[in-house]
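As structure tokens, the structure follows; a few thoughts come after it.
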Amino acid sequence: MQALAHPDLPAGERFLTRLIKRYPLVSFFIFAYTISWTIKIPIALSLRGVIPIPVPPALHYLAAFGPLGAAVIVTLTVENRPGIHRLLRGLTRWRVQPGYALFVIGAPLVLFSIALMLASIMRRNPDLALLGQVDDLPPIGVVPALALWLLTFGLGEEAGWRGFALPRLQTTMSAFSASLLLGILWGFWHLPAFFYRDNYTAMGLLAVPMVVISVTMASMVFTWLYNSTGGSLLMVVLFHALFDFFAATPASGGMAAVVMSGLMVFWAVRVIKVHGHAQLSSGDKVIWQ
């Protein structure tokens, strides 16, 4: 995890600055956890009655900006403003092979449609009128809800996980190993939410291993998408946002989360089998350059 470390640092620099420059990846993960958990932990403590101060659960969405904030802090420290331009350059990479763009937009739509059909068969009472409903917020409509997912768990997470961490991890390890490590760290990043999010608390003690495994499998898919599109952060942000938008909506009667999680497992196994551990892509893996 020592990619882009700086062994020779000016003696006059502040101690924290020197640490960040020497260990940029470690610093990124520490900042990502710290920023997000500073928001998530008070929510959990408040909802469980540990502290008497009411903390709005809707602040949970701000926690998604932890990885982005960490990436900006470390990048500004190590590379200054040119590094920020390079960090977000992937957001302008919209020219990708049509098949990947179709996957990004089509896969969530198709799976959500399947979930609606299954919900109808199982009499789960699917209701498309609920499509714009988001947990812990009043009904805000489909377009604002999609924008929320794009900005928070799309851009807020992916600018950090795939925009910053993945390319650097891939400078010293295979795409498979980088995805595995990133997936585990990404999974445990959710830990405080296990104590206040209904979909996690309902699983009990199984929540932690199930979420970590699920997120790690998702990490494989996201690496495949990122590497195959030449480092298109835009494609990854869109896919993450659309996936969460459809998986989290109550419109499918709870079926979308099951169906779409199944896709992640299936596709992760497929890309590992087809493309192998080294690249997880149809082209060269993308490293920080």
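Here are some notes:
- Taken over the range 252-271, residues that are of a type in the set (Gly, Ala, Ser) and surrounded by 23 or more Cβ atoms within 10 Å (Cβ to Cβ) amount to 3.
- Scanning the range 116-129 for residues that are in contact (Cβ under 8 Å) with a residue 60 or more places away in the chain and surrounded by 14 or more Cβ atoms within 10 Å (Cβ to Cβ) yields 116, 118, 119, 124, 126, 127.
- Here residue 113 meets the list (1) without any contact (Cβ under 8 Å) to a residue 24 or more places away in the chain; (2) touching a Ser or Thr at 6+ places or on another chain (Cβ under 8 Å); (3) among the hydroxyl-bearing types (Ser, Thr, Tyr) almost entirely, failing just condition (2).
- Listed by first and then second residue, the pairs linking a residue in the range 196-218 that is closer than 13 Å to residue 186 by Cβ to a residue that is at pLDDT below 85 and of a type in the set (Phe, Trp, Tyr), with Cβ atoms under 7 Å apart and 6 or more places separating them unless they lie on different chains, are 211/200.
- Boolean, residue 233 is modelled with pLDDT of 90 or more, more than 12 Å from the chain's Cα centre (by Cα) and surrounded by 18 or more Cβ atoms within 10 Å (Cβ to Cβ): no
- Residues satisfying the stated conditions in the range 134-193, i.e. more than 23 Å from residue 87 (Cα to Cα), among the aliphatic types (A, V, I, L, M) and under 16 Å from the mean Cα position of the chain (by Cα): 146, 191, 193
- Any chance residue 105 is more than 18 Å from residue 223 (Cα to Cα) and out of contact with any Asp or Glu (no Cβ under 7 Å at 6 or more places or on another chain): no
- Qualifying residue in the range 218-228 (condition: closer than 26 Å to residue 140 by Cα and modelled with pLDDT of 95 or more): no
- Number of positions in the range 112-163 that are in contact with a Pro (Cβ under 6 Å, 6 or more places away or on another chain) and hydrophobic (A, V, I, L, M, F, W, C): 4
The values are calculated or read from the model by the stated rules, or taken from the named source; none is laboratory data. Every value quoted in this text rests on a predicted model; they were computed, and no experiment measured them. Cβ: placed from backbone, ideal geometry, glycine included. Neighbour counts: every protein chain shown.
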